[in-house]
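*Asks:* Let me give you the structure first, and then I'll get to my questions.
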Amino acid sequence: MTAPFLTVADVRLIEQQVNKILRAKLTSTDQKIVTAVRGLAITELKDRLTHVNEDIIKEVEIVEDSIGAELFVQSLKSYTIPFKPVSDKGLQKLFKKDKKLKLPKLETVDWQEISYLSWLDKGTNRQYIVLEKEGEYTALRGVVEAHTPIKGICAICNHHSAVHLFTATVKGNGDNYTSYSNYICEDVQLCNKNVSDYAKLEDFVARNLV
Ligand SMILES: [Zn+2]
């Protein structure tokens, strides 16, 4: 069996491209348009996936309906590199400055479905974000505005959705502090479903850590 080579974000990208083809098939009776959309989807996959696998491209070339698409996307699970599970203790270590850290329900997390782990402590309005790459974790903490979310573009997944303002405060030289504010999806699960560019997510975290 092939070793997993797709990130969760790669799988989301494939799913999004497949959905574009299905939408074209549903809305257009012109076969030429469907063929063109399919061609663009395949080009995008070849451009953006780090590892292009001919078997995957072949599947995208022949996908015809939503059941086929669903089975195909499900089949990608065996090639997916999951987020390496982190324990309660591991999280406490990552956020050791938070003496009363409120932990997420890790037992409900599907590690094969997330590009990043995030949760909100509604008591303090603190939002925690954790990334994992090759077993190394990166931790980011910010504060969100407790207002009702507004519609906007999420700085993590780049999709238009219900977002809230996330502010990370970074200590600079001496006593200088700098705050960075970004709108990000309020719904972490939905956001994870939309993350198809892992580098963008990494950039977001890196920008707020500096
Ligand atoms: Zn998002």
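*Asks:* Calculate how steeply helix 31-48 sits against the longest principal axis of the alpha-carbon atoms of the chain, using the helix alpha-carbon long axis, and give the answer as 0 to 90 degrees to the nearest 10.
*Replies:* 40
*Asks:* Which of Ile14, Ile81, Ile62 ends up with the largest GNM mean-square fluctuation for the chain, with Cα atoms connected below 10 Å?
*Replies:* Highest fluctuation of the listed residues: Ile62.
*Asks:* On a 0 to 90 degree scale, rounded to 10, what angle separates helix 66-75 from the longest Cα axis of the chain?
*Replies:* 60
*Asks:* Moving on. Within 10 Å of each candidate Cβ there may be at most 15 other Cβ atoms; applying that plus a DSSP loop requirement, which chymotrypsin sites (Phe, Trp or Tyr not before Pro) in region 1-100 survive?
*Replies:* Phe5
*Asks:* Mind giving me the nanometre distance, one decimal, between the label points for Ile67 and Leu26, set 7 Å out from Cα along Cα→Cβ?
*Replies:* Roughly 1.7 nm, to one decimal.
*Asks:* Determine, for Glu136, Glu107, the number of other Cβ atoms within 10 Å of each Cβ, and report the residues in order from fewest to most.
*Replies:* By the 10 Å Cβ count, ascending, the order reads Glu107, Glu136.
*Asks:* Okay, helix-only estimate at 222 nm for the chain: each DSSP H run of n ≥ 4 adds -39500 (n - 2.57), divide by all residues, round to 500 deg cm²/dmol; what do you get?
*Replies:* -12000 deg cm²/dmol
*Asks:* Given the convex hull of the Cα atoms of the chain, what is a quarter of its surface area in nm²?
*Replies:* Seen from a random direction, the Cα hull of the chain projects 13.9 nm² on average.
*Asks:* Then there is this: Taking the Cβ of each residue in Asp47, Asp121 as the centre, tally the other Cβ atoms inside 10 Å and list the residues starting with the fewest.
*Replies:* Placing the least packed residue first, the sequence is Asp47, Asp121.
*Asks:* Using Cβ contacts closer than 10 Å as the measure, can you line up Arg207, Arg12, Arg126 from fewest to most?
*Replies:* Arg207, Arg126, Arg12
*Asks:* Okay, moving on. Determine the distance separating the Cα centre of region 43-99 from the Cα centre of region 181-210; give it in Å without decimals.
*Replies:* 16
*Asks:* Give the lysines reachable from Lys58 as a straight Cα distance under 24 Å; neighbours fewer than 8 places away on the same chain don't count.
*Replies:* Lys20, Lys25, Lys32, Lys46, Lys77, Lys193
*Asks:* Roughly speaking, what is the stretch gain from Lys97 to Lys122, that is 0.36 nm per residue apart minus the C-alpha to C-alpha distance, in nm to one decimal?
*Replies:* Stretched fully, the Lys97-Lys122 segment lengthens by 7.2 nm.
Just so you know, all these numbers are worked out from the coordinates, no wet-lab data involved. Treat the numbers as computed from the prediction; the structure is a model and nothing was measured. All Cβ positions, even for glycine, are placed from backbone atoms using ideal geometry, and neighbour counts span all protein chains on display.
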